[in-house]
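The values are calculated or read from the model by the stated rules, or taken from the named source; none is laboratory data. Computed from a predicted structure; not experimentally measured. Every residue, glycine as well, gets a Cβ built from its backbone with ideal geometry; the counts of neighbours run over all protein chains shown. Just the protein is used for accessible areas: all its heavy atoms, side chains included, with ligands, DNA and RNA removed. Shrake-Rupley method; radii C 1.70, N 1.55, O 1.52, S 1.80 Å.
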Amino acid sequence: MKIGVFQMEVVTAEPFQNLEKVRHILRTNDCQIYVLPELWSTGFCNKQFAELAPVCDEIEEQIAELSRQHNCTIIGSMLKKSPAGIQNHLSSYNRGVKELEYNKIHLFTLLREERYLIGGNSRGLAHSPDNGIYGAGICYDLRFPEMFRALAVDKAAMIFLPSQWPMERLDHFRTLCIARAIENQVFFISCNNVGRLHEKMQFAGHSLVVDPWGKVLAEGSGEQEELLVCLVDPAKSDEVRQMIPVFRDRKPELYQ
């Protein structure tokens, strides 16, 4: 399975300009799955979220159609307006059909995300005829291992993490992505942003594809917009779980 991780430099508050970047990547490559960063169409332009959320509905429709045209799966998060408020909404479209959706559960209170967004209340897991069982989280979720363990217990072989992680905590990002892969015996695929939001916020890049042994198969740079292309075999997750039977040996009744 060929996976393309598009480490974007998101243009803040310019959804159609960002969509054109995605169109170009799809036109010039041939992957089965494409992964985009967190809020790839708008970035964190918090005060414009209410204005841009309806535009993202149109963008999502175009992503669904692009996945159909290019016979691929496209995974990424955008703004989504619900009756309760605006959410950081991840969708996965496989050949025009939505097979996974997830609203970011853990809002980053350090940057006051809860002022502009409402959190989700359910995990994101897909049973795909083409991509097998896989799950997803978004950025700050990475710091909550229980969520990813639950996805792995539900037999996810791949977990995708769109993010906009800052350079100042790059070591945390790399370490936790590798740890989530090892402890859950999954392919852990993170797609991070590059560039700057403002003078003080530089994004880290270093998108990662990590195999179930914790081996880094591909890693982005810290500055460059680029597409990482990597071959993965989700069946390797089951092989590793048979060799080191972590899930058989768990004692969840003692962890409460």
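Report yes if Ile63 is under 20 Å from Val5 (Cβ atoms), out of contact with any helix residue (DSSP H, G or I) (no Cβ under 6 Å at 6 or more places or on another chain) and part of a helix (DSSP H, G or I), otherwise no.
When the stated conditions are applied, Ile63 passes them.
May I ask you to list pairs of residues, at least six apart or on different chains, whose Cβ atoms are under 7 Å apart, with the first in region 179-200 being farther than 30 Å from Ala13 by Cβ and the second being outside any strand (DSSP E or B) and polar (S, T, N, Q)?
From residues that are farther than 30 Å from Ala13 by Cβ, the pairs are Gln185/Ser237; Val186/Ser237; Phe187/Ser237.
Considering each residue of region 46-63, count those that are farther than 21 Å from Ile189 by Cβ and either among the acidic types (Asp, Glu) or in contact with a strand residue (DSSP E or B) (Cβ under 9 Å, 6 or more places away or on another chain) (or both), and give that number.
Here the count works out to 12.
From Glu9, Glu58, Glu38, Glu20, which residue is surrounded by fewer than 21 Cβ atoms within 10 Å (Cβ to Cβ), of a type in the set (D, E, K, R) and touching a residue at least 40 places away in the same chain (Cβ under 8 Å)?
Exactly one residue qualifies, and that residue is Glu9.
Any chance you could count how many residues in region 99-124 are of a type in the set (Lys, Arg), open to solvent by 70 Å² or more (accessible area, probe 1.4 Å) and modelled with pLDDT of 95 or more?
Matching residues across region 99-124 total 1.
From Glu14, Glu61, Glu20, grab the single residue that is within 13 Å of Ser91 (Cα to Cα), of a type in the set (D, E, K, R) and at pLDDT 95 or above.
Result of the check over Glu14, Glu61, Glu20: Glu61.
What are the pairs, 6+ residues apart or on separate chains, where a residue within region 121-147 that is in contact (Cβ under 8 Å) with a residue 24 or more places away in the chain has its Cβ under 6 Å from a residue that is aromatic (Phe, Trp, Tyr) and buried (at least 24 other Cβ atoms within 10 Å of the Cβ)?
Gly124/Tyr102; Ala126/Tyr134; Ala136/Tyr102; Ala136/Phe160
Quick one: would you say Ile3 is of a type in the set (A, V, I, L, M) and either open to solvent by less than 10 Å² (accessible area, probe 1.4 Å) or part of a strand (DSSP E or B) (or both)?
Considered against the rule, which asks whether it is of a type in the set (A, V, I, L, M) and either open to solvent by less than 10 Å² (accessible area, probe 1.4 Å) or part of a strand (DSSP E or B) (or both), Ile3 comes out as yes.
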